[in-house]
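One structure is given below, encoded as structure tokens.
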Amino acid sequence: MVSLRKRKNVDESPPRPEKSGENESSIKSDENKSIPSGNIRGRDRKNSQQLWAEKLEALKEFKAKNGHTNVPKNEKYKQLGRFVNNQRQFYRKKLEGETNSLTDDRVEALEELGFVWSMKPISENRARTLQALWEQRLQELQEYKNQHGHCNVAVKGKDGELGKFVMNQRYYYKTRLEQKNSLTPKRVEDLEKIGFVWTLKGRREGDKFLNNEEKWERNIEELKKFKEKFSHVNVAKSGEYMELGQFVGNQRYFYRRRLKGESTSLTDDRFKALSNLGFEWKARNKVGG
């Protein structure tokens with residue numbers, strides 16, 4: 001016979017009885033527990049995304065029944081209420097330039113539900129703190145620009161946190177007309193003063209007003225100016241001229257397809273115009289200037 005003392009050591013805490021009337025799923029989300037440091041395996045990431053999606057569905061059901069997404073922190077909605085509270089915490093940290101599991105896609109999915117990110121106005125002290133943090137990032141970005149000649153900071157590597165700040169500012173700029181966010185006109189002005197680029201990979205502000213032929217002509221004119229300044233057209237896909245570098249890379253890609261007999265936007269006239277500039281169809285060591 002096992003003694004009572006020995007039995008207690010085997011199972012220190014008895015199972016909690018299930019409460020009657022509790023109708024919420026008992027699935028534990030990754031949002032409700034800390035994740036060990038280190039690389040997350042692919043399967044774990046998949047499970048994390050699946051659990052988050054399940055909580056989102058539960059939130060949709062809650063809104064359909066109650067008309068809002070402000071889940072109370074009571075026993076009935078304990079897990080869902082904790083999930084909602086965590087998303088608000090992650091959002092505040094995201095505004096401060098930190099990275100977490102609240103991706104831009106998740107922000108969008110929640111806002112489509114009419115999600116309220118804060119249940120109370122930000123205090124004056126809190127607002128000053130957030131502004132100070134933003135100004136600190138701006139100063140770091142200015143120093144980065146002084147050293148590298150551009151503000152296109154990678155989200156990985158030693159400057160990853162600054163890169164995430166840059167990424168967030170671009171997201172806020174892109175969505176500023178659809179929803180209110182922390183990117184005020186003053187912040188836009190401050191960023192543009194240091195040469196901040198709002199769009200990457202050819203998606204320039206105003207492109208939607210140009211047809212494909214007009215975009216190509218504009219890029220050719222910019223390439224001519226680049227050659228006048230640097231005496232070549234080997235433009236890098238990073239740095240100050242990254243958008244023009246993307247255009248150059250695309251023309252080489254179209255040329256390779258053209259050699260295979262495939263149809264591309266690189267017409268005979270375009271091929272001739274680029275060749276007249278001394279365009280090198282096979283990439284060498286590309287430079288930004």
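Points worth noting:
- Residue within the range 112-125 that is modelled with pLDDT of 80 or more, open to solvent by 50 Å² or more (accessible area, probe 1.4 Å) and assigned to a helix (DSSP H, G or I) present: no
- Failed criterion for E61 (all others in (1) surrounded by 13 or more Cβ atoms within 10 Å (Cβ to Cβ); (2) assigned to a helix (DSSP H, G or I) hold): (1)
- Residue in the range 31-51 that is at pLDDT 85 or above and either open to solvent by 50 Å² or more (accessible area, probe 1.4 Å) or of a type in the set (D, E, K, R) (or both) present: yes
- Where helices (runs of 4 or more DSSP H) fall entirely within the range 141-237, those with at least 3 residues that are at pLDDT 85 or above and open to solvent by 80 Å² or more (accessible area, probe 1.4 Å) are at 185-193, 212-230.
- The single condition among (1) at pLDDT 85 or above; (2) out of contact with any Cys (no Cβ under 8 Å at 6 or more places or on another chain); (3) open to solvent by less than 50 Å² (accessible area, probe 1.4 Å) that R258 does not meet is (3).
The values are calculated or read from the model by the stated rules, or taken from the named source; none is laboratory data. Because the structure is predicted, anything quoted here is derived from the model rather than measured. Reconstructed Cβ throughout: ideal geometry from the backbone, glycine too, with neighbour counts over all protein chains shown. Ligands, DNA and RNA are excluded from the accessible area calculation, which covers all protein heavy atoms including side chains. Shrake-Rupley method; radii C 1.70, N 1.55, O 1.52, S 1.80 Å.
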